[in-house]
Amino acid sequence: MIDRWRRTTAGLLLPLYLTSCFTSWQTQQATPAEVLAEENPDEVLVTLYDGSKFVLRQPSISQDSLHGREVKSSLGPVSTVQRSVPLSTIEHIAVNLPDTRNIIVVILLFVSIPFIAALINSSAP
């Protein structure tokens, strides 16, 4: 009985865990100052006019610059360094938000699996 309860609980929680994996960087049309005020993101993907991109954690704006901790990653451990970027050099910023379409697909799949299994079992001779 306990084993069945564990499997049922795991089956119900798995889609919730999977939905947290479905996020994507979504480019914002607003200015960096507006995005930080409205979204209050923990990190942003910054794209400069020269084409370079980097992630800033704990972004903030003071005077005419965007400040934060740039994420530096290679094959080793992830580290951060303080970085400031003039707002005039920023083409746009993106915020990491849930991808609603993928979340809905995963939930529908997990909801439909028991019904499909029931149909298969009921049609078996």
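All of the numbers you see were taken from the coordinates with simple rules; none came from a lab. Treat the numbers as computed from the prediction; the structure is a model and nothing was measured. Reconstructed Cβ throughout: ideal geometry from the backbone, glycine too, with neighbour counts over all protein chains shown.
Here is how the numbers come out for the structure above:
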{"item": "Neighbour cut-off at most 12 other Cβ (10 Å), DSSP loop, chymotrypsin sites (Phe, Trp or Tyr not before Pro), the stretch 17-97", "result": "49"}
{"item": "Packing-based exposure ordering (other Cβ within 10 Å, fewest first) of 56, 97, 45", "result": "97, 45, 56"}
{"item": "Residue-count net charge about residue 89 - beta-carbon cut-off 15 Å; Lys, Arg +1, Asp, Glu -1", "result": "-2"}
{"item": "Sum of side-chain charges, residue 55 neighbourhood, beta-carbon under 11 Å (Lys, Arg +1; Asp, Glu -1)", "result": "+2"}
{"item": "Relative contact order [Cα under 8 Å, 6+ residues apart], the stretch 30-97, whole percent", "result": "34 percent"}
